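Visitor: A single structure is presented below for examination.
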Amino acid sequence: GQIFGYLHGRGHAPQDWFAGQVARLDNVEGGIDALSGRLAHIRTWTYVAQRKGWVDDENHWRGRTRAIEDRLSDALHQALIKRFVDRRSSVLVRRLRQKERLLAEVNDKGEVSVEAEHVGRIEGFRFRQDTSASPDQAKTLRAAAYQALAPEFHLRADRFYNAPDTEIDFTDQGGLMWGDQAVGKLVAGEEALKPRIVVFVDEEAGADVAGKVTRRLQHFIDRRIATLFEPLFNIRRDEELTGLARGFGFRMVEALGLIPRDRVAADVRALDQQTRGALRRHGVRFGQFTVFMPLLLKPAPTRLRLLLWSLREGHQVFCESPPPGLVTIPAAGDVPGDYHLMSGYRQAGARAIRVDMLERLADLLRDQDSRAGFENTPEMLSITGLTPDGFADLMQGLGYVVTRGEREKAKAAPDTAAPPPAGAGASPEAEVPAPEPEGAAGLSAGDATPENDAGPEIEVFYTFTRRARKNPNRQGGSADRVRGGAARTKGKKRASPPRQEQGTPAPKPPRKDRIDPDNPFVAALMGLKDKG
C-alpha cells in the first residue's frame, strides 16, 4: 500500500524510505526461518528497483538489492547444510555411544555411506572424508566412518592380495595402481633391480592390511622385473661364467643391459673369443657402438628400465619411454645424460637412433671406403627411415665429415625396344606419319623448344668421410679401417689415391685374387684336380 501511494502521489518512492527498507534486511544472522523471510522480502525490493522510474538512482539500488539477495541465499544454504550434518552427526554419535555396530557401504563409485548417511569416499586403501562438516563434526564422522570401514578394509585387502597381476600396473612416475586407484609407489632399493615398496594405506586400517598390501605389491614388481629382465638374471645365476666373463656380465647387469662401447673399450679388448662366446650365449651383442642385449630393447623392458634407472639416480621427475616401433626419434632436450641410452637409443645430431638399427647401419658402413669418401645408399636410408638431409645430420653426429655437393641428375635410360617389323600385326593407320603440328615447320631436331629451355635438373648429394684417428700407429682397429682401406705393407709407403672430382663416387680398390697363378703348389693342385 505504501508503494502504491508513493507512486500515485509522488511518482516514485522516497530515497530515505527505500534505503531504510533495504538496510534492515541486510543481515545474515539467525536461523533458517529468519533467513528465508529476509530472502523473500529482499526479492520484493529487487523487483521495485528493476522498475523504471520507481526509485531514484536505479542502477545503484539494483546492484545493492542483488548483492543482499546473494548473501542471504548463501547463508540459507549453509544453514541447511548445518542442519543436515548436525542430524547426521547426532545419529552417528548416539550409535557410537551405544557401542552398536555401524553398517558401512561402498558403492561402485567408491562413495562411502554409514547408516545410509554419506560421509566420503574410499580410494584404494585411503578414506577421503566429506569436507562439508565443521571440524568438530568431522572428527565425529571420521571416527564413525573408520569404525564402520574396518571390515571393509580387510575385505579389500583380501581381494587385492588374490587379484591377478593383470589388474596391477606401474606408472612411468613410479606409482603402483590397482585398476584406476593408487595403492603405493616404488622407491630406490639397495640395487636397481630390487626397488622397495611404499603403500598408500591409512593408519586406521591397521598393520595387517598394510602388510598384506605391501607383500602383494612386492610380489608383483619382483615377478615383473624377473620376467622382463630374465637375460640379466640368467647371467647372474650362471656359475660357469668366471674371471673376466663374470666381471663383464655383472657390469651388464648393473647397466641394465646397455653399455656404450667406448666406456668399456679396454674391457672388451681383454675378452678372448671364448669368453665373448660365453657372453653371447646369454644374448650379449658386442656392437661397434654399443654392447647390448637385443631382448631388452622391447617396449616393456625399456619402460621398466627407465623407471628403475630414474629411481636409482634419484631423479625428481621421471622421463617417459619413447613410442614403440620407431627407428629414430627427435633428440630430447633438458633430460638426464643417459636418458637416450636407457631408452635404447644413441643420440646423433638432431635425432637419436635405436642401437640395434645403428649396428645394422654400421655393418653397411664397413663395406664403404670411409677414407676416400662414399655416398648414402638406398639401403642406408631404408634402415634409418630418413631423408638424405636427415641422414647427413645423423652421420655427422656419428663422427663423420659430411660434404655437400650438387650435380646434374642422371636421366632415365631411353626406351631402346625395337619397333615391331612391318606387317607383324601393325595396323595400316600406324604406318601413316603423324600430322606436323601447326607452326613446327622448318624446326630441326636440335632447335630450341620449351622443354630444352628448362636446362638440366640439379640434385644435392652428400659425401661421408671418417675423421682421422688421433693415433695412426695404433695396431688393429675397427672393422671400417680394415675393410675400408688397403692394409699397409711393412716397410713400404702406400701410394696416395688420386683425388676425385666433387660429385664422383670414389672407386673401390680391386680385391686381390685368392689364388696366385705363379705359385707352383697351386699349379700342382690344379693338375691333381684335372686328373680327378
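Visitor: Using a 10 Å cut-off on Cβ atoms, rank the peptides 390-397, 324-331, 61-68 from the highest mean neighbour count down. Could the numbers behind the result be given before it?
Guide: Details: 390-397: 20.0, 324-331: 14.4, 61-68: 17.5.
For the peptides 390-397, 324-331, 61-68, the packing ranking is 390-397, 61-68, 324-331.
Visitor: Amide H to amide H, which residues 5 or more places from Asp169 or on other chains are under 5 Å from it, using H placed in the peptide plane?
Guide: For Asp169, the qualifying residues are Met177, Gly179.
Visitor: Measure off, as a whole percent, the carbon and sulfur share of the 1.4 Å-probe accessible area of region 154-242, all protein chains present.
Guide: Numbers: 2260 of 4740 Å².
Here it works out to 48 percent.
Visitor: Same structure, new question: In nm, to one decimal, how far is the modelled label at Arg215 from the one at Tyr161, with both set 7 Å along Cα→Cβ?
Guide: It works out to 0.5 nm between the two label points.
Visitor: Between the alpha-carbon centers of region 18-33 and region 217-245, tell me the distance in whole angstrom.
Guide: Answer, in whole Å: 77.
Visitor: Can you compute 3J(HN,Hα) from phi for each residue in region 356-365, using the Karplus curve 6.51 cos²θ - 1.76 cosθ + 1.60 with θ = phi - 60°, rounded to whole Hz and x for Gly and Pro?
Guide: Once rounded to whole Hz, the list reads 6, 6, 5, 5, 5, 5, 4, 4, 6, 5.
Visitor: Tell me the per residue accessible area of region 259-416 using a 1.4 Å probe; a whole number in Å² is fine.
Guide: Working: 7820 Å² over 158 residues.
On a per-residue basis, region 259-416 sits at 50 Å².
Visitor: Compare Leu307, Leu76 by solvent-accessible area with a 1.4 Å probe and give them largest first, with all protein chains kept in place.
Guide: Final ranking, largest accessible area leading: Leu76, Leu307.
The values are calculated or read from the model by the stated rules, or taken from the named source; none is laboratory data. Everything numeric in this text was worked out from a predicted model, so none of it was measured. All Cβ positions, glycine included, derive from the backbone under ideal geometry; neighbour counts span all protein chains shown. Ligands, DNA and RNA are excluded from the accessible area calculation, which covers all protein heavy atoms including side chains. Shrake-Rupley method; radii C 1.70, N 1.55, O 1.52, S 1.80 Å.
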